[in-house]
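The next block holds one structure in the form of structure tokens; read it before the comments.
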Amino acid sequence: TPDYIYIVAVEAVNPVSTTHGPGCVAVTGYTPAEYAAEPDLWYRMVHEENRAAVLEQAAKAVAGESVASLEHRLIHKNGSVRWVRNTPVPRKDERGRVIAYDGLVSDITARREAEEQLRNSEVLYHSLVENLPQNIFRKDLEGRFTFANTRFAKLLGEPALGKTDFDFFPEELAEKYRRDDRKVMETGEIQDTVEEHRTPSEQVMFVHVVKTPIYNAAG
């Protein structure tokens, strides 16, 4: 399991010792013996940009406060950067004094990397659809616009989200667009054609139209 447990003993509201479970090797590369030999290793391995937040979390745990989990970076023994979720829970004696706090460190590197890749993908997608010299839009199953790039929004003359073709085009033309949309959704086939188009300002032009169905993870 990509997790390990550590225990910080507390005396008179001061941490006095820390014990790291054997799972620390898989997450950090360091052994429990190395942590025991270097009492400040737990702090030095934390990424410098996250150290203040880690110290604040530890101080709350020592004070016996309810502490939220913290996601932060640490430097693995091999020099790589790992993301972990650190969850400490204060432990008190029968008189309510904090005698220790137990912590669970979970390796969440894979999840954070996937999130970063998704963010980068979304940024790239947004950059493409906003800068390509085409009108790009998306509709839901009811024909309502769920996305329109800036170029298309300017053509329509007003925001399109939540609206349909009937809000912008003559009824006959809007009906045609609706039929085309339904055919694409029902057959799963891509529509690729050149057709006559009339803008909301009654300008007539010929446009190259490509419509493609979008599937979710369930198909």
Legend entry - Inter-probe distance in nm under a simple model that places probes 7 Å from Cα toward Cβ, at D167 and R119: 3.2 nm
Legend entry - Solvent-accessible area per residue for the stretch 147-195 (1.4 angstrom probe, square angstrom): 63 Å²
Legend entry - Gyration tensor verdict on the stretch 119-219 (Cα atoms; rounded if a/c is under 1.5, prolate if a/b is larger than b/c, oblate otherwise): oblate
Legend entry - Hydrodynamic radius by Kirkwood, which averages 1/r over all alpha carbon pairs of the stretch 36-143, in angstrom: 17.4 Å
Inset, instruction - For the stretch 18-66, count the residues as N, evaluate 2.2 N^0.38 Å, and divide the Cα radius of gyration by that value, please. - result: 1.23
Inset, instruction - State the percentage of accessible surface on the chain attributable to carbon and sulfur atoms; use a 1.4 Å probe and exclude ligands, DNA and RNA. - result: 54 percent
Legend entry - Extension gain, N78 back to A36 (0.36 nm per residue minus Cα-Cα distance, nm): 13.2 nm
Inset, instruction - Taking only protein heavy atoms into account and a 1.4 Å probe, give the accessible area per residue of the stretch 1-128 in Å². - result: 59 Å²
Inset, instruction - Subtract the Cα-Cα distance of E11 and E71 from 0.36 nm times their separation in residues, and report this length gain in nm to one decimal. - result: 18.9 nm
Inset, instruction - Between Q134, Q117, Q203, find the one with the highest GNM mean-square fluctuation for the chain; connect C-alpha pairs within less than 10 Å. - result: Q203
Inset, instruction - Using R₀ = 45 Å, calculate the FRET efficiency as 1/(1 + (r/R₀)^6) where r is the Cβ-Cβ separation of V207 and R111; round to 0.05. - result: 0.55
Inset, instruction - Report, to two decimal places, the Cα Rg of the chain normalised by 2.2 N^0.38 Å (N = number of residues). - result: 1.68
Legend entry - Ranked order, S66, S106 - accessible area, probe 1.4 Å, largest first: S66, S106
Legend entry - Degrees between helix 109-131 axis and first principal axis of the chain (Cα, 0 to 90, nearest 10): 30 degrees
Inset, instruction - Quick one: angle between helix 51-62 and the longest Cα principal axis of the chain, in degrees between 0 and 90, rounded to 10, please. - result: 60 degrees
Legend entry - Nearest-ten-degree value, helix 171-187 long axis tilted from longest Cα axis of the chain: 50 degrees
Inset, instruction - For R178 and E196, calculate 0.36 nm times their separation in residues minus their Cα-Cα distance, and state this gained length in nm to one decimal. - result: 5.0 nm
Inset, instruction - Would you mind checking the radius of gyration and Dmax of the stretch 112-160 based on alpha-carbon positions, in Å? - result: 13.2, 40
Legend entry - CD proxy at 222 nm, helix term only [per DSSP H run n ≥ 4: -39500 (n - 2.57); per residue of the chain; nearest 500]: -10000 deg cm²/dmol
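The values are calculated or read from the model by the stated rules, or taken from the named source; none is laboratory data. Every value quoted in this text rests on a predicted model; they were computed, and no experiment measured them. Here Cβ is always computed from backbone atoms with ideal geometry, including for glycine, and neighbour counts include all displayed protein chains. For the accessible areas, the whole protein counts, side chains as well, though only heavy atoms, and no ligand, DNA or RNA atoms are used. Shrake-Rupley method; radii C 1.70, N 1.55, O 1.52, S 1.80 Å.
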